[in-house]
1. Quickly run through the range B:142-184 and pick out the residues that are within 30 Å of B:Ala243 (Cβ to Cβ) and small (Gly, Ala, Ser).
2. For the range B:154-196, give me each residue that is within 14 Å of chain C (Cβ to nearest Cβ) and either in contact with a strand residue (DSSP E or B) (Cβ under 7 Å, 6 or more places away or on another chain) or within 19 Å of B:Ala87 (Cα to Cα) (or both).
3. So, A:Leu163, is that one facing another protein chain (nearest Cβ under 9 Å) and closer than 16 Å to B:Val45 by Cβ or not?
4. Is it true that A:Gly150 is within 23 Å of B:Gly34 (Cα to Cα) and either polar (S, T, N, Q) or touching a residue at least 60 places away in the same chain (Cβ under 8 Å) (or both)?
5. Taking the range A:115-156 as the search range and keeping residues that are of a type in the set (A, V, I, L, M, F, W, C) and over 21 Å from B:Leu46 (Cα atoms), which one is nearest to the other protein chains (Cβ to nearest Cβ)?
6. Scan the range C:61-105 residue by residue and report those that are in a helix (DSSP H, G or I), touching a Gly at 6+ places or on another chain (Cβ under 6 Å) and more than 14 Å from chain A (Cβ to nearest Cβ).
7. Could we say that B:Gly19 is more than 20 Å from A:Arg201 (Cβ to Cβ), at the interface with chain A (Cβ under 8 Å from one of its Cβ atoms), surrounded by 12 or more Cβ atoms within 10 Å (Cβ to Cβ) and in contact with a Ser or Thr (Cβ under 9 Å, 6 or more places away or on another chain) here?
Amino acid sequence: MATETFTLTSHRKRPVERAIKIALFGCAAFSVLITVGIIYTLLVDTITFFGNVSIVDFLTKANWSPQSGSFGVLELVWGTMIITVGAMLVAGPLGVATAVYLSEYAPARVRRVVKPILEILAGVPTVVFGYFALNFITPELMRAIYSDCGIFNWGSAALVLGLFILPTVASLSEDAMRAVPSSLRQAGYGLGSSKLRVSMRVVLPAALSGVVAALILGISRAVGETMAVTIAAGATPQIAFSPCASVQTMTAYIVQVAGGEASTGSVEYGSIFALGSTLFAITLLLNSLSIRFVKRFREVY
Amino acid sequence: MAVRIETLTRRRSWTTRFGDRLAEASLLAATAVGLIALTVLLWTVLDQGATALNWPFIRNFASRIPERAGIWPPLVGTIYLMLLVTAASFPLGVGAAIYLEEFAPRNRLTSAIETNIANLAAVPSIIYGLLGLALFYRAMNLGRSLLTGALTLTLLVLPVIIIATREALRAVPHSIRLGAMALGATRWEAVYKQVLPIAIPGIMTGTILGLSRAIGETAPLLVAGAAAFVAFTPDHLLDAYSALPIQIFDWVRRPQPDFQALAAGAILVLLALLLTMNAIAIVIRNRYYRRNR
Amino acid sequence: MFRDPRRIDIAKILAPVALATLLVACGGEPTTSTGGEGSGLSGEIAVDGSSTVFPIAQAVAEDFQIENPEVKVSVGFAGTGGGFEAFCAGDTQISNASRAIEPEEADCLKKAGIGYTEFQIGVDGLAIVTHPDTEWVDCITFEQLQAIYAPGSKVETWKDVDPSWPDEPLKIFGPDPDSGTYDYFAEEVADPDAEEPATRDDMTQSADDNVLVQGVEGEQASIGYFGFAYYQENVQGLKVIEVDDGESGCVEPSAETVKSNTYPLSRPLFFYVANDAIEQDVVAQFVNFWVANSADYATAVGYIEVSQDAELANDEALTQLTG
């Protein structure tokens, strides 16, 4: 749309018009500046950090104890990962199932009620989910199953995080499924398939790229999430398998150090930027992947 | 994509029908989980928080004594942040979107900028906190001030506003632009006088939704230096400040159940704020959506 | 003229926004619990440092601001170490500490040209706590604490510490290295012979003592340590363990035992004020207020007031500073 040019422009307006155009371009360029800012900030402090700490140690060791100078990141990565996996075990199946239901089965009035409710769930700040984990999930749910669960445990963090990203996965998957042309469905019905078969064997595979994109986006949001996991999972960097154990995620550690105001230039201050770079790289990768899947999906239809 | 063709000689037995019903019920149950979870969450918050909600709670400062504690400075802090972020992000975001949608040539630079913005919208909020810490707190030496927090949140919200505004601009029928220019308007005049007024409801909806996301953000503010105990409302941009999500975080961490109840009360206030903003956005969208059809 | 009904008046949008802004900006100051007479004193004070001292500082700041509504005091709890860093950077006027200032920190201040004065405003008994259901331990020795907390310790269960205790996994909590409580405990108990004392780090560490309380309360067979005031605030959910330093037998922390120094883990609490900052009236008044009422605030929060000698030293320092 922006390529049409019209010569019916009034000449006396030109200078102002150009000035406005430049101003607007400035606004757009500003967004590039933000990215540059993020990358620059992260890189500078990360490089300083790796001047003091071996990058090989950082990436391969599993011993995160800054005060004794040990910066093996694997324990924090474990924390992030296990909670993300747990959250996706909740949000993945439930989200896709919700999407299938809403797009294939639900009558219009049910959709009209359920969709806004899901949007509300997505809009609840994650601090509230942290509160929910501490005041309901751990005492009522986790302790009902394992009676001696610690008050800080990654199980409740994963559950609560799963609830948080459920709406995202559900609504993106649903969009993908609704975009599948009816003709495909009709073809399936015409051949005598049941609704279940059409949904599972026709619509879902057709919408697969979109669903995968939704799942990847869910993973990305889980990885980057901070408050719910900080409150619910505690602050113990360790590789622990039991859902009742406390772990620490990369994001929780950043909050811990930044809240404690380590001085600029100290190794701990640098470590939060190293972790930030790691997080940024991971989520950038995931987001790009997700966009690729969306593009592939859009191409097909 | 492969479409599986079911055999034409399938028997429609009662087991199949039963299987169908079961499948539908399971899907409905799955959908219900999300709704039930939300209900339980709200009920937990209401149950603990309703007792804390009264006028002194709103108007008092934080205190170590639960009965005396209130949320006035964080509430004011949140509102100030909201206003500042709007003032900063609205012109920048809308301007960028107008440029990208109406003026930018379709070349590689433009699509690079678009991809960039899409990526920025998905960057975890804590990264913006780190950016705010390094840039505004340290490099620009703004310290633990309201300005630092507001600028950090502005960067967070900007991509969201840009994307929402572009959607709103795209929804305006192209004939409007062509008609205006056919009558002698310049590109800018067409946009400013014809396209923009029609797109404004969509833009506002998007802005409000972006803001409501910013209001609930805790991590970026924590990292970029909101204060711990603040018993005053900020008077100027360089004052220390607190915000509702920060206060909630502080109270949630205290072991005494009284403070958990206070946290729940503060959550209710925050949710009320968010609900109001979303309701306004929906009203605007509904009211003008019909007109535009 | 035909007017497109889809067009919106910008004014209609801006007016309510402007009105809202006006209302918020001109909204009056909130009522305080006791109507301050508006002493006319105004200014800002930035306080940060020890999370152990934080409850005292918060209480003092709260009451001071009620009496002087125009004053703004912000109190952080970055930890004793973190507090000194901010102090040396000139970001704060007052730094709270649960240990005396260290030589490196004093050097930093000297280099930065910041003169400072120390005031002792309380005494803390460092409480060793566990979950109320931990019945097998009522008293613990320094050696046992060291076995648990020493850096590199491999102790995993209670049995590892003492064979008469059950084979329950130890859930360990403690402050993080920014904390003066950490420094004190490491030096006195966990790692007394080292040059740079430290504790083990594969446990839950937090600068926020509330998190530690929550952790110990919430886990069976837990053990943790923090300032006595945090125990006092949460007596129902915690069980305090008596400490035996090998000489005086098992002693339980209490106001008397801490004050009389029979409890082996007693330590002084301080705040440091920048001498230049005292020139500002608001800071001088605040320091005066705190020092004059230090006994009240220390005990109100759950700590112990300073000895007479310390009070005299404070008064002297104060007159020297402001006189």
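The values are calculated or read from the model by the stated rules, or taken from the named source; none is laboratory data. Please read these numbers as outputs of a predicted model, since none were measured by experiment. Neighbour counts are summed over all protein chains in view; Cβ atoms, including those assigned to glycine, are modelled from backbone coordinates with ideal geometry.
1. Matches in the range B:142-184: B:Gly143, B:Ser145, B:Gly149, B:Ala150, B:Ala164, B:Ala168.
2. B:Leu196
3. Criteria met by A:Leu163.
4. Criteria not met by A:Gly150.
5. Checked the range A:115-156; the qualifying residue nearest to the other protein chains (Cβ to nearest Cβ) is A:Ile151.
6. C:Ile66, C:Glu67
7. So B:Gly19 does not fit the description; no.
For every residue, the table says whether it meets (1) facing another protein chain (nearest Cβ under 7 Å); (2) surrounded by 24 or more Cβ atoms within 10 Å (Cβ to Cβ); (3) under 24 Å from the mean Cα position of the chain (by Cα).
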{"residue": "B:Leu238", "(1), (2), (3)": "no, no, no"}
{"residue": "B:Gln247", "(1), (2), (3)": "no, yes, yes"}
{"residue": "B:Arg253", "(1), (2), (3)": "yes, no, no"}
{"residue": "B:Pro257", "(1), (2), (3)": "no, no, no"}
{"residue": "B:Ala261", "(1), (2), (3)": "no, no, no"}
